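None of the figures in this text is laboratory data; all of them are computed from the coordinates on show. Just so you know, these numbers come straight off a predicted model, no measurement behind them. Every residue, glycine among them, receives a Cβ derived from its backbone with ideal geometry; neighbour counts consider all protein chains shown.
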């Protein structure tokens with residue numbers, strides 16, 4: 001590397017950092033993981049933001065998060081927005097690593113604040129007071145793979161990172 005190139009690289013760390021964030025492996029399995037996570041998670045975000053699929057929409061979800069769960073309003077809004085827009089970014093394979101890391105945090109927070117007292121299993125037969133956390137663990141597993149390895153061969157991240 002020439003001294004001029006080294007000077008350019010030293011004076012502008014943002015592109016190098018961005019390249020690291022966007023870096024991904026050319027693994028088609030990552031594409032499958034990314035698309036599966038997006039398709040499974042997005043309807044939950046649509047419930048929270050838009051009230052679709054039997055959800056409560058923005059106002060109802062904000063009320064639950066701030067009044068029942070006790071989240072600060074900016075964090076509650078961030079959860080709703082991440083759960084709706086994050087899967088759309090995952091579909092495109094754009095900013096896969098940070099979005100996936102955010103989803104890991106979101107699901108860990110959901111377990112800690114709401115679902116842990118209900119045990120492991122989902123409420124398949126209506127015998128529990130709420131849903132368990134098995135779904136959340138699956139989402140954490142898929143998101144952790146994407147946070148560690150990137151969005152895969154068919155992603156905007158791969159195209160932008162070169």
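Ordering 25, 115 from the fewest to the most neighbouring beta carbons within 10 Å gives 25, 115. A simple spin-label model places pseudo-atoms 7 Å from Cα toward Cβ; at residue 36 and residue 159 they are separated by 2.5 nm. Multiplying each eigenvalue of the alpha-carbon gyration tensor of the stretch 101-162 by 5 and taking the square root yields semi-axes of 32, 11, 7 Å, largest first, rounded to whole angstroms. The residue 19 and residue 66 beta-carbon pair, evaluated with R₀ = 35 Å, returns a calculated FRET efficiency of approximately 0.35. Helix content alone sets the calculated 222 nm mean residue ellipticity of the chain: runs of n ≥ 4 DSSP H residues at -39500 (n - 2.57) each, divided across all residues, give -21000 deg cm²/dmol. Neighbour counts of other Cβ atoms within 10 Å put 65, 120 in the fewest-to-most order 120, 65. Relative to the dominant Cα principal axis of the chain, helix 13-22 is inclined by about 50°. Computing percent of Cα pairs over 21 Å apart directly from the structure and comparing it against [x] 53; [y] 43; [z] 57 singles out [x]. Between 0 and 90 degrees, the angle of helix 96-110 with respect to the longest Cα principal axis of the chain falls at about 20 degrees. Anisotropy class assigned to the stretch 16-65 is oblate, per the alpha carbon gyration tensor with a/c at or over the 1.5 cut-off and a/b no larger than b/c. Pairing the Cα long axis of helix 134-149 with the longest principal axis of the chain, what angle in degrees results, from 0 to 90 and rounded to the nearest 10? Taking the Cα atoms of the chain, the angle to 134-149 is about 0 degrees.
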